[in-house]
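The values are calculated or read from the model by the stated rules, or taken from the named source; none is laboratory data. All values reported here derive from a predicted model rather than from experimental measurement. Here the Cβ positions follow ideal geometry from the backbone for every residue, glycine too, while neighbour counts run over all protein chains shown.
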Amino acid sequence: MATNSTAPQTTEVSPVIPDTAAAAPAKATPSERFTQLVMKQFGGAVGAPEVTDFQKRLIQGYFIAIDRALKTAEEERLRKNSTNKSREYDNLLPVTWDNVNALDLALDVVHYARMGLDMMQDNHLFPIPFKNNKTNKYDVNLMKGYNGISYIALKYALESPIAVTTELVYSTDTFKPIKKGLDNHVDSYQFIINDPFNRGTVVGGFGYIEYNDPTKNKLIIMTRKDIEKRKPRYASPNFWGGKASEWKTGEDGKRYKTEVEIEGWFDEMCLKTVIREVYSPKHIKLDPMKIDENYQYMKLREAQIAEMQANEEVDIYANGDVIDTSPELAPSASAALPSASTGYQVNA
C-alpha cells in the first residue's frame, strides 16, 4: 500500500545583522561639548555654588555669539588666503570649534557668567577669535563693550555714581571746564554743540561722573593727544583709519601690492577710548570688599591677552580691534555703531 509522505517544510530566516550605526554612540555637537565643559568647570571647585538659571541663559548666549564669531572669522581667513600673493602666507588652520582652545574658553565663560556679563545684550561682551601662534590653536578673547565696561565699573564701585556722561569735543564745539576751587565747590562744565551737522574734527573728549553729593562730582578731560596715546600699537586702519596694503591683480595677470587710504571709524574709537578711561578704577574707585575671584581672573586674562598682542604672538580675526556692535550683527556691521555726536551716558 502506497503511503503519502510529506516533506518537512523549512522556513528561510534571514540572518540578523547588528545595526552598528545605531549602536555607535553619536558624536556630541559643538554646543553639547561646550556646555558640558563649562558645567564641569562650574562645579570643579570644592563648595562651588550651583549654576543658576540666569547663568545657564548666559552660557547659551555665549555659545550662540562665539559660534557666529567663529564662522565670521573663518570667512575672513578664506578671504585673506584668496588675496595672498603667495600660498606660503596662507593660514591653513580652519577657524572651527575643533581648533579652539576649549579649556581656557570654558574657564573664561565661567568667570564672566558669574559676573553677569551678557553677550546677548547690546555692547556688553564680544568674542574675538585669534590664532595663538605658539599653540596653533584659536583662543577666544572675551572683550567688554561700552555697556560691559560700565556694568563692571558700577558693580565693583566703592560708591556708585548716579550718572556718568562721556562726550567727544569737536573743533566747532564750545567746551568750558569749571574745576573745583576756592570759589567753586563742585566740578562742572559748559558744553555747546554749535554746528551739529558739521562739527569739524575731534580735538578731545571728556567724562563727567555725578554723585548724590555734588561735591564728589568729577570732570575728566582728555586731549586728542591723550586719546591717541592709548591707540593700540598695531591698530587696524579698518577702525582707526589710515593707510593699508592690498593685493590687486593687474591687466597682465600679475598681483601687485598697492596702498589705499581707509576712512575707518576714528570718532567711534576715540569715544570708546574716553569711556575706558572714565570708567577705569582711577576715576571710579573699586571697593576692596567687592573684589572677588572672578574680577581678579578677568584682569589677569586681559593682561595676558595684551602681552601676547604686544609680543606679536597672535593673529587677530577682528582686524586688530573691535567696534562695539549689536550681537545680532556680524562684527564688521556698521548699522549698530554708536553715534559719537550723541555721546554716552549711564544713569545708575
Filter the range 138-177 down to residues that are without any contact (Cβ under 8 Å) to a residue 40 or more places away in the chain, β-branched (V, I, T) and surrounded by fewer than 19 Cβ atoms within 10 Å (Cβ to Cβ) and give me whichever is farthest from G200 (Cα to Cα). T174
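Among strands (runs of 3 or more DSSP E) lying entirely in the range 93-194, which contain 2 or more residues that are under 30 Å from N212 (Cβ atoms) and β-branched (V, I, T)?
Working: elements: 125-132, 137-144, 163-170, 174-178, 188-192.
Hits in the range 93-194: 163-170, 174-178.
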Count of residues meeting criterion [over 15 Å from K85 (Cα atoms) and among the small types (G, A, S)] in the range 237-261: 3
State whether one or more residues within the range 255-264 are of a type in the set (A, V, I, L, M, F, W, C), touching a residue at least 60 places away in the same chain (Cβ under 8 Å) and surrounded by 14 or more Cβ atoms within 10 Å (Cβ to Cβ). no
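Of the residues E268, E251, E210, only one is touching a helix residue (DSSP H, G or I) at 6+ places or on another chain (Cβ under 7 Å) and charged (D, E, K, R); which?
E268
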Please find, among V100, V38, V95, V13, the residue that is at pLDDT below 85 and not hydroxyl-bearing (S, T, Y). V13
Matching option when the condition is within 30 Å of I209 (Cα to Cα), surrounded by fewer than 11 Cβ atoms within 10 Å (Cβ to Cβ) and aliphatic (A, V, I, L, M), among M289, M269: M289
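Looking at the range 225-245 only, could you name the residues that are modelled with pLDDT of 95 or more and crowded, with 16+ Cβ neighbours inside 10 Å?
So in the range 225-245, the residues modelled with pLDDT of 95 or more come out as 225-227.
Passing the criteria: only I227.
Restricting attention to the range 48-66, and to residues there that are among the β-branched types (V, I, T) and in a loop (DSSP other than H, G, I, E, B), which single residue is surrounded by the most Cβ atoms within 10 Å (Cβ to Cβ)?
Here is the first cut: in the range 48-66, the residues among the β-branched types (V, I, T) are 51-52, 59, 64, 66.
From what's left, in a loop (DSSP other than H, G, I, E, B): 51-52.
Values: V51: 17, T52: 11.
The selected residue is V51.
For K85, indicate whether it is over 18 Å from Q121 (Cα atoms), modelled with pLDDT under 95 and outside any helix (DSSP H, G or I). Working first, answer last.
Details: over 18 Å from Q121 (Cα atoms): yes; modelled with pLDDT under 95: yes; outside any helix (DSSP H, G or I): yes.
The answer is yes for K85.
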Evaluation of A69 against (1) surrounded by 19 or more Cβ atoms within 10 Å (Cβ to Cβ); (2) assigned to a helix (DSSP H, G or I); (3) in contact with a helix residue (DSSP H, G or I) (Cβ under 8 Å, 6 or more places away or on another chain) (one fails), failing number: (3)
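Here is a yes/no grid of residues against (1) charged (D, E, K, R); (2) in contact with a strand residue (DSSP E or B) (Cβ under 6 Å, 6 or more places away or on another chain):
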{"position": "P237", "(1), (2)": "no, yes"}
{"position": "G242", "(1), (2)": "no, no"}
{"position": "E246", "(1), (2)": "yes, yes"}
{"position": "G250", "(1), (2)": "no, yes"}
{"position": "M269", "(1), (2)": "no, no"}
